Amino acid sequence: MRYEIIGNLHIPKIGFGTWTIGGQERPDPASDERSLLALHSALELGYTHFDTAEWYAAGHAEELLGRAIRENGTPRRELFITSKVSPEHLEYDDVLRCCEASLHRLDMVYLDLYLIHWPSQSMKLDETFRALNRLVREGKVRHLGVSNFNLKLLKQAVAFCETPLLTNQVSYSIPDRTCVDNGVLEYCQQNDILLTAYTPVKRRNIKSNLVLKSIAQAHGVTREQVALAWLAMQPRVIAIPMSFNSQHQAENLHAADLVLSEDEMGRLG
Ligand SMILES: NC(=O)c1ccc[n+]([C@@H]2O[C@H](COP(=O)([O-])OP(=O)(O)OC[C@H]3O[C@@H](n4cnc5c(N)ncnc54)[C@H](OP(=O)(O)O)[C@@H]3O)[C@@H](O)[C@H]2O)c1
C-alpha cells in the first residue's frame, strides 16, 4: 500500500467509503447483515481509513462501522476514522453536539478527521471553525478538513483552522475533473492539503473509456483499478472507493500499488 505522508501522518492512498452502508438517507435495518459483511471484509483485507458521516443512513452507517470495528478487534490506533458534520449543523453548539453524537454512535473517544460535509449558504465559517478548533484542543478530533469546498471557501477554511487543514474531499475521477478546472487540486498540492477523491470509480463512462480498457488489459487488471491507480499516482491525492463486493474491495486496495508509466498517465490526461 502506498501512503501520503503529511507531517507524522501516513494516510493510505486507498480508503473505504461508507455511503449506502446501513441505508441511504434513512436507516435500512434490512440491509444490516450485508453492510456488516462488507465492513468485516474490508477490515480483514486491511483497509484502515474509513470515511463516514452523520448523514449516511442518518447515523446508522457510523453505528455499523463502530460495531464492525469492535467485533473485528482491530486496535483503534491502527485505524484512521473520518466523519463529517452536515451543512444544517454548522452553528457553534451544533458542531460540538454532532461530534459527540458521532463519537457515541461509533463508540470511540476521538475521530482522526472531522469534515464539514458541504458548505451552506447560511454558515458563518469563523463560528463553525471556532467549534471545530475547540474539538481539536479537547482531543475529540485529531485533524480537521472540509468537503465540497470551492477554492475561495477552501482558502477561508485554511485561514480559520488553527491546525493545518488536512483535506478537501471532493468528487474526482477520470470523467470528473472539476477540481482540476477550478484550481482546487493545484492549491491542495501546493499547500500540503490532501485531496480526498470521492466517487472515484462509480461513473458510467469508466466502463466505456477505451484508453482505460487498453491500459487495464496491458497490466492484467480491471478498468476500475486503473482509474484508482491514476488517482493514487498523483501527489497529495487519496481515494475512498466503496464496495459491498469483497473481490472489488481487494482489487481497489491493490490498485494503490499499481504503477502507471508516464506515458499511461499522459494518455489518461
Ligand atoms: N463528501 C461527499 O459529499 C461525498 C459524496 C459522495 C461519496 N462520498 C464518499 O466517497 C465514497 C465513495 O463514493 P461512492 O460510493 O459515491 O462511489 P464509488 O466508490 O466510486 O462507487 C461505488 C460503486 O462502484 C462499484 N465498485 C466499487 N469498486 C468496484 C470495482 N473494483 N469494480 C467494479 N465496481 C466497483 C460499487 O459496486 P459493488 O458494491 O458491486 O462493488 C458501487 O456500486 C462514499 O462511500 C462516501 O464515503 C463523499
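Every read-out reported here was derived from the displayed coordinates using simple, explicitly stated rules and does not represent laboratory data. All figures in this text were calculated on a predicted structure; none of them were measured in a lab. As a convention, Cβ positions derive from the backbone with ideal geometry for all residues, glycine included, and neighbour counts pool all protein chains shown.
Using the number of other C-beta atoms within 10 angstrom as an exposure proxy, rank 35, 83, 173 with the fewest first.
173, 35, 83
Gain in length, residue 202 to residue 30, computed as 0.36 nm per residue apart minus the alpha-carbon separation, to one decimal in nm?
Gain on extension, residue 202 to residue 30, equals 59.5 nm.
So for the chain: antiparallel DSSP bridges make up what percent, rounded to the nearest 5?
Approximately 15 percent, going by the DSSP bridge assignments.
When the dipole is taken about the Cα centre of the range 3-268, and only Lys, Arg (+1) and Asp, Glu (-1) are charged at their Cβ, what size is it in debye, to the nearest 20?
340 debye
How large is log10 of I(q)/I(0) for the range 189-240 at q = 0.26 Å⁻¹ when the intensity is taken from the Debye formula with one equal scatterer per alpha-carbon?
With one equal scatterer per Cα and no solvent, log10 I(q)/I(0) is -0.96.
Quick check: residue separation of residue 86 and residue 246 times 0.36 nm, minus the Cα distance between them. What number comes out in nm?
Answer, rounded to one decimal: 54.7 nm.
If Lys and Arg each add +1 and Asp and Glu each add -1, what is the summed charge of the other residues whose beta carbon sits under 12 Å from the beta carbon of residue 182?
Around residue 182, the surrounding residues sum to -1.
Give the long-range amide H neighbours of residue 171: residues separated by 5 or more places, or on another chain, with amide H under 5 Å away, using H modelled in the peptide plane at 1.01 Å from N.
Long-range HN contacts for residue 171: 198.
Out of 175, 98, 261, whose Cα points farthest toward the positive end of the dipole of the chain (charges: +1 Lys, Arg; -1 Asp, Glu; placed on Cβ)?
It is 261.
Semi-axes of the equivalent ellipsoid of the range 1-44: what are they in whole Å, largest first, if each equals the square root of 5 times a C-alpha gyration tensor eigenvalue?
Square roots of five times the eigenvalues give 29, 12, 7 Å.
So for the range 1-98, taking the charge dipole from beta-carbon charges (+1 Lys/Arg, -1 Asp/Glu), which of 11, 69, 87 sits furthest toward the positive end?
11
If you take the Cα Rg of the range 3-268 and divide it by 2.2 N^0.38 Å, with N the number of residues, what do you get?
After normalising by residue count via 2.2 N^0.38 Å, the value is 0.97.
Is any residue of the range 129-153 close enough, with backbone N under 12 Å, to a label point placed 7 angstrom from the Cα of residue 182 along the Cα-Cβ axis, and if so, which?
147-153
As a check on your grasp of the helix formula, calculate [θ] at 222 nm for the chain: sum -39500 (n - 2.57) over DSSP H runs of n ≥ 4, divide by the residue count, round to the nearest 500.
About -12500 deg cm²/dmol.
Would you list 3, 198, 56 from fewest to most Cβ contacts within 10 Å?
3, 198, 56
For the residues 158, 201, what sequence is obtained by ranking on other C-beta atoms within 10 Å, fewest first?
Exposure proxy ranking, most exposed first: 158, 201.
I need the P(r) histogram for the range 165-269: all alpha carbon pairs, bin width 5 Å from 0 out to the longest distance, whole percents.
2, 13, 24, 26, 20, 10, 4, 0
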